[in-house]
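S.K.: Before anything else, here's the structure in question.
Values in this text are rule-based calculations from the coordinates and carry no lab data. No experiment lies behind these values; they were computed from the predicted model shown. Using ideal geometry, Cβ is built from the backbone for each residue, glycine included, and neighbour counts are taken over all protein chains shown.
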Ligand code: GYE
């Protein structure tokens, strides 16, 4: 190989490398667009979740398209369809209910847009319709509520009459917080669920349902098992207006462990709050980046949580982030 040819070859290889670096650099610089279809703004939990997602997207340099479905599945489906039409890089959503997702998720799959579930799970046969699910184990949360009741009433012959304020009908947290409780109490006949109704995870809903329960069952009620803090807070108002004493005459079991829940524990009105973290934003953004980079993700990413009895509330509240 003579001198000139060597030079030409060197130049060729060099420019090829530069070209490859330029393409690569471009791929890295290109901002990822994420379409996120939120459930709504029904609770303090949800508000904290939205803040977490928006902040984490900003911090991660991800371009976020955000929509609020006002707790309606049809709105969420519309939002997902519009993200598909806009050819976003990744779609994430927190499914209002568990069933009915096959058609729209098949559309996303056909468009080759990966889907990440956050917070709530779905019920689909074809697991290839989503990449991963990031969120809490609601069944375990329900068991934790049930175990607290078993402990609280272990020296009591019963009957222990429970009224249940359920979350949104058909939603994963409502289904599983109920199922988890049942799993624990089903073999102990002294526990009886005497009434169960949905308050849609809202304060107003919880209050309204509890007003009716208080009217029908009054002092027969031993336990209010509320699927979230907002409904528990509404129920507390209703109980007090009906002359019942939440926290003392009636044990109140709640979920989420928001600041509002803690304040009610400090006031002696919620007896135990099972934690459920809404701060899923950072984990979601990490997953989004990994999916775009072609990494294989675990099918389920579970959040770590605990249980807070009333006795620790004052000490723990200053560290609560939502
Ligand atoms: O418990 C409730 C919210 O899906 C875990 O939804 C979430 C639930 C949460 O409205 O407060």
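S.K.: Using only alpha carbon positions, build the gyration tensor of the range 267-315, then give the equivalent ellipsoid semi-axes as the square roots of 5 times its eigenvalues, largest first, whole angstrom. All intermediate terms of the calculation are to be shown ahead of the outcome.
M.R.: On the way: eigenvalues 248, 20, 9 Å².
Whole-Å semi-axes of the equivalent ellipsoid: 35, 10, 7.
S.K.: First obtain the Kirkwood hydrodynamic radius of the range 138-276 from its Cα pairs, then insert it into the Stokes-Einstein equation at 25 °C and 0.890 mPa s, and state the resulting D in µm² per second as a whole number. Kindly include the intermediate steps, with their values, before the conclusion.
M.R.: Working: Rh = 14.2 Å.
This corresponds to a translational diffusion coefficient of 172 µm²/s.
S.K.: Further question: Take the alpha carbon atoms of the range 190-217, find their center, do the same for the range 113-172, and report the distance between the two centers in whole angstrom.
M.R.: A separation of 18 Å, based on Cα centres.
S.K.: Could you state the number of Å between the C-alpha centres of the range 49-65 and the range 80-107?
M.R.: Result: 18 Å between the Cα centres.
S.K.: Would you compute the Debye intensity of the chain from its alpha-carbon atoms alone, equal scatterers and no solvent, and pass along log10 I(q)/I(0) at q = 0.06, 0.11, 0.16 Å⁻¹ to two decimals?
M.R.: Once normalised to I(0) and log-transformed, intensities are -0.27, -0.72, -1.24.
S.K.: Here's something else I'd like to know. With a 10 Å radius around each residue's Cβ, average the other Cβ atoms per peptide and rank 262-268, 293-299, 114-120, highest first.
M.R.: 114-120, 262-268, 293-299
S.K.: If you find the alpha carbon centre of the range 251-322 and of the range 30-47, how far apart are they in angstrom?
M.R.: Centre-to-centre distance over Cα atoms comes out at 17 Å.
S.K.: Students often get this wrong: which residues of the range 281-301 have the backbone nitrogen under 20 Å from the point 7 angstrom along Cα-to-C-beta of residue 140?
M.R.: 281-284, 287, 297-301
S.K.: Between residue 126 and residue 215, how many nm apart are label points set 7 Å from Cα along the C-beta direction?
M.R.: Reported label-point gap for residue 126 and residue 215 is 4.8 nm.
S.K.: Rounded to the nearest 10 degrees, what's the angle between the helix 3-29 long axis and the longest principal axis of the chain, both from Cα atoms, 0 to 90?
M.R.: Around 20 degrees separate the two axes.
S.K.: Let me ask you something else. Rounding to the nearest 10 and keeping the result within 0 to 90°, find how far the Cα-based axis of helix 203-217 lies from the longest principal axis of the chain.
M.R.: Around 30 degrees separate the two axes.
S.K.: For the Cα atoms of the chain, what angle does the longest principal axis make with the long axis of helix 172-185, in degrees from 0 to 90, nearest 10?
M.R.: Around 50 degrees separate the two axes.
S.K.: Okay, moving on. Between residue 156 and residue 107, what is the spin-label point distance in nm, taking each point 7 Å from the Cα along the Cα→C-beta axis?
M.R.: Result: 5.0 nm between the two label points.
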